[in-house]
Structure formats: C-alpha cells, structure tokens
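Okay, so here's the structure we're looking at.
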Amino acid sequence: MEPTYYGHETENTRQRSNSNAGGVGDEQNPQFGMQAQLGKMMWEAGSKQVQDTFQSYGRIDLFRPYFDVDPAEVRTRLIRSFIPRKPAQIQVSPDLYGPSMIILTMVALLLYNMKTSGIIIQNGTLMGTAMFTCFGSWILISGALWVACFLLAAEQPFLTILSSFGYSLTSQCLVLLLTSLFHSSHDHLFFFVLLASFCIPSALRMGLIVCNQSRLPANRIMLIGIAIAAHLLLIIYLHFGFHVVLEELDEMVGDAIVDVNAIKETRSTHMSVISEHQVQLSSFDPIEKCVKSTCPGCKSSRKYFCYDCRTPMPGVFTPNVKLPCLVDIIKHPMEKNSKSSALHCKIVAPDQTRVFDYPDVHDYSQDSEEERLSTVIIFPSKSAISVEEFVRTRGPIRRIVVLDCTWFQVGVMQKTPQIQGLQHVCLQSYRTAFWRPQHNVPETGLATIEAIYYSLREYQELGLGTKYTGEFDDLLYWFFHTKHFVDGKQLEYLKRKEEENEKK
Ligand SMILES: [Zn+2]
C-alpha cells in the first residue's frame, strides 16, 4: 500500500526501498573485495609494462583496432557466442565494438525493468546505476577471470577475455528482454528455463575460451567452473535484483518493514493524522480465523476479498458503509490490484463505488450537464479549490473522482480526455497513518483510501455542515487491518534483529 500523491506537491518520486536493490553495484559479489585486492596487486606489478605500452603506441591507436570491425562479423560473433565449441576450434579475434553495444543494450533493458518495477536508487540516477552496474560487472568479472587465468598458469590477454565475456553477455540481454516481456508474476520457472537454454551454453563457451591456454586438466575444469559461476551469478543478480517479483504477501508488506534505527522523529504538529483509536471500526474478530479459498470469479486463491474481481470472498465478513456521495476510482494499470488501497472502497461500499482501469475510463463529458457540474476530481492542481468552497459556490457534490496512481503516472492520467473539464478540488493537509520513513515520500502522501476518506469527511463536515459521527469510518477497515499486519511483521522483524544483536 503505497502512499500516493495526495497532499502536497513537493515530491514527485515513488520510492520502493527494496532490500535487494538498494546497494546496486556494491553487493554483487562478496568475493569482489578480495578480487579487487588481488587485482590491485596485479595492477601494480604490471603497471610499468602498461606504461611502456602507452608511451610507445599512444592511447587511441592502441584501442582503434578493437573498434574497427565489420558489422557482419559482429553479427556472426553474436550468434557464435551461444555455441560452445572445443577450445582448439575457437578462434578469438577480440573486438570491443560488439561488447560495448551489448552492454549498452543491457543498460537499456535494466532501465526498462527498473522503471516498471518502481525502484528508485537514492543519490544517483537510474541511468547512472544501470551504466555502473553493467560496465562495472563486465570489467570487474573480466578482470577477475584474467587474474584467475594468471594464477592458474593459463595466461590470456586481458582484451581477449574482455571481448569474449562481453559477447557472452548477449545471452543475458536476451534473457532480460524475454523475462521483462513475458514474465508471469510469481513464476520463476520461465526464467530458469531461459537460463538453462541460453546462458548456460554461452557461459560454457566463455569457460572454454578462458581455459584455452591451460595445460593441466584440473586447472581447466577450475577455470571453466569459475567462468560459468561468474556468468550465472551475474544474470541471477540482474534478474532478482532489478526485475523485482515479490510474493503476494511481500507485495503488501515487504517494503514496509523497516529498521527502528532508521525511523526519524516526525515533526508535523499542524497536520492531522487519523489513528485507529479515533475511528470506530468494526471488530476484526470475525475475520481473524479466515483462511484462503478459491475466488468464484477468477479461481485465484484469496483470503478476505478478491482484489482482481473486487468482491468480498463468499462467507467472509466485510463492513458496509453508506457514503455521502458517489466515488469513482480511476486506477492506473501499474498500480497493482493487490496493493491498491482504493479498492477497499469498492469492497465496503459496492453500490456507491465504480472502478475504472485506465485508459478504459467513463467519459464524463457524455454525462448530463447537471451531473458533470456536480462531479469533482480530488487533485491538487493550480486550479483546485477546497471542498468547502466548491459546495459554497456550486452546490452539493454528487460524485468524487480519485486517481489511483503515483506521481510517476499522474501526469498522463491527468490528461485523460474523458475527465477534462471536471473541477479539481484539493484537501487540507493530512498525514498518512501508514507513513514509513524509507518511502521517502512526504508524510502528507496519503494512501488513496485515506484521501477518499478525508475528502468525504470534509464534504460532510465543511460542505454539508453535518456533524460527522463515524458513519463511514469503516472505509478504513481494511486499511487498518493491513496496517496491523504490517506492524506485526515489523515487530517480529525488530525482535529477530534484537536477538541477532544479542547473540553477537
Ligand atoms: Zn477473483
């Protein structure tokens, strides 16, 4: 349940602090530390020789031949990179043009994956991170293989290894492309099938090239093993680190678990925040013993309600509320149903709520004028007025429209032709009850269901002047239920952490 954009327009990023995406580049491989050390020693030893080379050839001329290559030849090499052959049959004439192009393709694919999985890395652009990861791992792993060759008395020119490892990354690009196109969310089988059919042959070929000069069978096997392991570890890291696929549960709570030390004091005295004690929720007892069952609509396994069919599960308790006006939710397809708090509104007020999946949106310009003039969008734009002002000048609100999306998507959503001409209204300042520091969104970023709740409340209290006595508090029933769950998980996590610390 991500806080969305409601509230202040100060921040336009969505942060998913993901444990396996935070330190991109520095946690790729724990052995890099040692390898870097080794590499440094090797470097110092060889630096004099390298200096001599540079002095005699000049920097550019040394590299020129490696980029001067026929495109047809590059194509052949790309295809060959999938076919393992006997070391004696492999002729390596290294170029760096092909590998550079492959790495750039890889950067583009990772960027695509990062954007779709919603990762934002602090203190660095997406582009920089992807570049750093791809070029860094190419050069580092090649360096490590070169050192391994040297140590096992199978010396190879560094450029040969750099080039052939670069070409072997074609298979990784292919796997990244196919998984980002066809990945079904919870199934890693597809990835492993691709891994076996493309990456393993190309890793094997890589291994055979690396061990080319070795004479001892034991050393050969060791080198092949190292090459294959490095190759496969990289693709597994890229897949699981960047193409985030979380289990259903983690989708709900995974990114809300946080270390207590990271929690900063919040200073926001002027903003009201709803706590569970201030609302009258129905009891959670009736759903305590719920177990998963099959949804009659889509046959998926669900516990409380089906977020895809947007109906409660048969026989499962859910509160029902009467809202002071109708609610339309326009959902961005990138907002996962399982995480969307807006859908709670449909569950607890099914008759008064409509959900549209963008871009398949109701055309409000086709509504009667009376209806159109009494419909508002909750959106803090420059032309937005307060709920109170709207009611004072234009009369009662018939329907509110909320956009269920993040700041990333709101620009596009706002331009939807069907919703043009509707009056924008903004809310007063609130703080989300679900705020977590690592989200790095302002604490005013409300979950969509909170935004719905507050706007209806403002409408009733300030617009209609009717005292609010908790009539639709149960709008937040599932929201607080999720919060309980997350808080529980967090306590568990902290306890575990504490125990670990005590052991040390
Ligand atoms: Zn269903």
Q) Tell me, what ³J(HN,Hα) does each residue in region 158-174 have, in order and in whole Hz, if you take phi through Karplus 6.51 cos²θ - 1.76 cosθ + 1.60 with θ = phi - 60° and put x for Gly and Pro? A) 4, 5, 4, 5, 4, 5, 6, 5, x, 5, 5, 6, 3, 4, 5, 4, 4
Q. Using modelled amide H (1.01 Å from N, peptide plane; none on Pro or chain starts), what sits under 5 Å from the amide H of LYS331, excluding residues fewer than 5 places away?
A. PHE356, ASP357, TYR358, ASP404
Q | Sparse-neighbourhood loop sites, trypsin sites (Lys or Arg not before Pro) in region 349-418 - DSSP loop, at most 11 other Cβ within 10 angstrom | A | LYS382, LYS415
**Q.** J(HN,Hα) series, region 200-206, from Karplus relation 6.51 cos²θ - 1.76 cosθ + 1.60, nearest Hz, glycine and proline x
**A.** 5, x, 6, 5, 5, 4, 4
Q) Given H placed 1.01 Å from N in the peptide plane, which residues other than close sequence neighbours of ARG431 have an amide H under 5 Å from its amide H? A) SER272, VAL273, ILE274
Q) From the phi of every residue in region 348-362, what ³J(HN,Hα) in whole Hz does the Karplus formula 6.51 cos²θ - 1.76 cosθ + 1.60 yield, where θ is phi - 60° and glycine or proline is x? A) 8, 9, x, 7, 9, 10, 10, 10, 10, 9, 3, x, 7, 10, 4
Q) ILE377's amide H: which non-local residues (gap 5+, or another chain) put their own amide H closer than 5 Å, with H modeled 1.01 Å from N in plane and none for Pro or chain starts? A) VAL401, GLN423, HIS424, VAL425
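Every number in this text was worked out from the coordinates using simple rules, so none of it is lab data. What you see is a predicted model, and the numbers here were worked out from it, not measured in a lab. Backbone-built Cβ (ideal geometry, glycine too); neighbour counts: all protein chains shown.
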